[in-house]
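Read the structure below first, then the notes.
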Amino acid sequence: MTYRILTALLGFLLVVSPVWADGGPWNFLMQLPVNDAGITIDRPIAIAIDEENKRYYVVDAVGGTLISFDSDGKHLAAFNAGGELKQPVAMAKGLRGMLWVIERSTNQLFYVNPKEQEVRKFPLSYPDGSLIFPARLAVDSQGRLLVLDRMRGAVVRLDDNLKVEQSFVGGQGSKGFVDFKVRKDGLWALDGLAGKVYRFAEDGTSSVVALETRLEFPVSLEIDDAGQLYVLDRHAGSVAVFGPRGDFRFDFLGRGKRHGRLWYPSQLLFDWEGRLCVVDEGNNRVDIFSR
Amino acid sequence: MKRRIISTLVMFVVSLVGIVVSPASGLAASCFDCHNSADFRGKVVHSPVAENRCDQCHSPHVARHEGLLLQEQKVLCFSCHRQLEKRVNNSAVMHQPVKEGTCRSCHAPHAADYAGLLTKRGGDLCFSCHEQAKKSYANMHEPFKSGKCDACHDPHGGSDYRLLKATGSSLCLGCHKAEAEMKKAHLGRDSRNLDCLGCHHPHGGKERALLREIKHQPFTSGNCQACHGRTQGADACLGCHPDVLATFNHTHSHLQSTDGGNPCQACHNPHVGDRAGLLPANEGQGCRACHEGTFTRRAKMLHQHPGWNKCSDCHDLHGSDWPGMLKGSPEVVCARCHEDHKKFTHPIGDKAPDPRNGVPMNCMTCHDANAGTMYKHFLHGSAERGLCVQCHLSY
């Protein structure tokens with residue numbers, strides 16, 4: 001009996017070990033655009049998803065376009081809002097098929113109706129008139145817009161009139177947020193330089209997790225259902241995974257240009273199936289990994 | 001009988017003296033048969049030399065190390081100087097000679113005229129490498145003037161690149177204890193919370209207060225309200241410098257508040273600086289405050305691009321549309337200095353896509369001038385083979 005248990009355990013380890021050999025349970029699934037798609041992305045800088053229709057939107061900052069793909073990576077369309085998009089740097093899917101886009105050339109927020117090719121432009125500011133320098137954005141489950149402001153290193157939630165109704169800022173010693181994600185359990189924000197992840201409740205109260213390992217240049221954050229924190233290190237070209245208390249678990253990928261490597265990656269995002277999307281700016285591709 | 005006893009005693013004393021005076025194997029007397037003993041004299045003598053114990057450091061016959069040293073220089077020194085070893089190992093940044101294990105760069109191992117067996121007088125020794133720091137000022141900080149660099153710097157290691165003995169204002173407050181006077185000069189602020197080195201040059205300056213030389217106009221004219229009367233965010237700067245905002249409007253923008261306050265102050269001092277733009281003299285070290293990883297990576301590399309400490313030669317410090325915030329495409333940035341290389345190169349550009357990712361090849365495909373590499377010309381691999389086979393698989 002003991003012999004059987006030992007054999008079974010050994011067999012299990014043999015099966016599991018190759019999966020974990022690269023430092024995590026992630027397998028490469030596909031790349032956007034797929035190799036034979038016949039399209040190229042000039043400089044992918046960000047990605048957004050449409051959970052309802054299961055679509056990916058890749059933001060091409062140099063080409064000035066938003067490029068959509070279906071769940072299998074099939075290219076669907078490229079969109080530049082009638083030439084209005086010059087230098088988009090982030091995007092989020094809003095309600096009723098509308099798109100929110102950050103246009104860097106003017107630092108404005110664009111509200112885009114893709115069907116009508118209609119664009120409305122909004123500058124953003126605080127109630128005291130000081131500027132918001134938008135860098136990332138997201139729409140929560142109630143359709144409210146949240147924007148990362150690099151001017152203050154804070155995340156702000158906007159009301160229907162795009163006025164700041166709530167600011168989420170780091171505590172003492174904060175070096176400013178560089179990315180955030182909105183989940184059912186709150187707003188999560190990455191303070192890259194300080195190596196901390198904040199979690200904010202609806203009312204703005206926060207808890208903070210210090211990451212155990214110092215990363216080179218953290219730029220993006222994701223959180224899986226088990227509460228593990230995924231942090232993208234732009235200069236190291238790797239994804240570091242931490243436990244809910246900030247304990248380092250493993251990292252994967254690495255700096256380079258070959259398949260399975262990253263060159264100045266810019267963003268992490270989980271899609272509707274929990275697949276991990278990594279925007280690899282320097283390699284002009286988006287890598288998608290599944291468990 | 002009496003004569004015998006006296007003879008025996010004399011013989012005993014003579015033998016004893018002989019044992020004490022005559023050199024044991026490897027000790028100084030036999031060494032000085034060949035090595036001039038005058039070279040081992042000085043005001044300060046290393047204790048093994050003073051004790052005629054050459055064999056504490058040298059093997060008299062053969063050794064693996066130069067100078068017949070028993071061990072590698074640093075290991076040998078630390079075998080006695082253990083407290084120093086512990087302190088050095090706990091330092092975030094080591095002085096370069098310590099890092100390289102060349103204690104002899106500063107210390108004479110046998111004898112010297114200066115305390116600590118230093119080969120030269122304090123300041124003269126430091127300036128023999130740090131030539132750029134040897135300047136004359138109308139007003140000089142007393143330790144600098146008297147060559148007592150070690151009053152502020154730890155010559156072995158410290159918590160940052162300056163090897164300072166203490167952080168923040170505590171370094172200065174060790175000597176400058178007149179709190180009331182300092183409060184008066186700093187609008188009543190608690191000196192412990194001040195960043196003294198942000199405004200004062202620790203070596204010298206034109207004025208008695210050793211303020212850094214380039215001054216913000218409102219500061220010079222005492223018009224504090226020009227900035228402090230406004231919001232403390234970037235608008236305090238943009239109100240007078242509105243055109244600067246557009247320089248940040250790039251895919252990669254450097255605009256990032258690092259303390260929840262004014263993002264401009266992450267790089268610029270609002271009062272005084274060493275050079276135009278109210279920036280510190282040591283450009284790279286200003287960048288290092290946030291980009292420590294790049295500097296750490298570079299420090300490990302054998303081949304580093306010259307002038308790497310002047311980041312703005314290649315990077316646009318406000319914003320860029322290129323990864324790494326380069327001033328343009330890599331081939332354009334590199335060609336600004338490497339003009340000849342424009343005429344002969346591996347195919348680059350749109351007609352030469354990198355087979356690994358389809359991206360047009362450029363200088364950075366093969367070279368890493370930013371962090372440097374372990375290969376000459378900052379290549380990503382050995383030019384004989386390792387680099388080329390990444391693309392030329394059948395090579």
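The values are calculated or read from the model by the stated rules, or taken from the named source; none is laboratory data. Predicted, not measured: the structure shown is a model, and the values here were computed from it. Glycine gets a Cβ as well: all are built from the backbone with ideal geometry, and neighbour counts include every protein chain shown. Note: areas computed on protein heavy atoms with side chains; ligands, DNA, RNA excluded. Shrake-Rupley method; radii C 1.70, N 1.55, O 1.52, S 1.80 Å.
Side notes on the structure shown:
- Buried surface for the A/B pair, taken as the accessible area of each chain alone minus that of the pair with a 1.4 Å probe, is close to 3000 Å² in total.
- Of the solvent-accessible surface of chain A, computed with a 1.4 Å probe and all protein chains present, 49% belongs to carbon and sulfur.
- The share of accessible area on chain B that comes from carbon and sulfur is 58 percent, using a 1.4 angstrom probe.
- Chain B, accessible area per residue, ligands and nucleic acids excluded (1.4 Å, Å²): 63
- Residue A:220 long-range amide H proximity, modeled H, under 5 Å: A:232
- Accessible solvent surface per residue of chain A, calculated while the other protein chains remain in place, 1.4 angstrom probe, Å²: 45
- Degrees, to the nearest 10: A:2-20 long Cα axis against longest axis of chain A: 40
- Listing of segment A:150-192 residues, each with accessible area lower by at least 30 Å² in the full protein assembly than in the chain alone (probe 1.4 Å): A:150, A:151, A:152, A:175
- Cross-link reach list, aspartates and glutamates versus residue B:327, counting only Cα pairs under 20 Å and skipping chain neighbours closer than eight places: A:42, A:60, A:281, B:243, B:283, B:313, B:316, B:339, B:340, B:350, B:368
- Proximity of backbone amide H atoms, modeled 1.01 Å from N, is registered between residue A:249 and A:241, A:242, A:243 at under 5 Å, excluding neighbours fewer than 5 places apart on the same chain.
- Pairs exceeding a 27 Å alpha-carbon distance, out of B:145/B:215; A:86/A:196; A:175/B:184; A:175/B:310; B:74/B:120; B:135/B:165: A:86/A:196; A:175/B:184.
- Cα-based shape type of chain A, given that a ≥ b ≥ c are square roots of the gyration tensor eigenvalues and the cut on a/c is 1.5: oblate
- Under Karplus coefficients 6.51, -1.76 and 1.60, residue-wise ³J(HN,Hα) of segment A:213-230 in Hz, glycine/proline x: 9, 6, 9, 6, 8, x, 10, 8, 9, 9, 9, 8, 5, 8, x, 6, 9, 9
- Each helix, a run of at least 4 DSSP H residues, gives -39500 (n - 2.57); summed and divided by the residues of chain A, these come to -2000 deg cm²/dmol at 222 nm.
- Shielded by partner chains, segment B:214-244 residues - at least 30 Å² of accessible area, 1.4 Å probe, vs chain alone: B:235
- Straight-distance crosslink candidates among lysines, where the alpha carbon sits under 26 Å from residue A:93 and sequence neighbours closer than 8 are dropped: A:54, A:74, A:115, A:121, A:163, A:181, A:184
- For residue A:90, nonlocal amide neighbours, meaning residues 5 or more places apart or on other chains whose placed amide H falls under 5 Å from its own, are A:102.
- Positions from segment A:242-291 whose accessible area shrinks by 40 Å² or more when the full protein complex is built, not the chain alone, probe 1.4 Å: A:255, A:257, A:258, A:264
- Principal-axis tilt of helix B:2-21 within chain B, Cα atoms, nearest 10 degrees: 10
- Reachable aspartates and glutamates, given that their alpha-carbon falls under 16 Å from the alpha-carbon of residue B:99 and they are not under 8 places away in the same chain: B:72, B:85, B:154, B:160
- Gain on full stretching of the segment that runs from residue B:221 to residue B:94 - 0.36 nm per residue minus C-alpha separation: 41.6 nm
- Shielding of B:254-266 by partner chains, average beta-carbon count, 10 Å: 6
- Net charge dipole size for the protein assembly as shown [Lys, Arg +1 and Asp, Glu -1 on Cβ; Debye, nearest 20]: 2440
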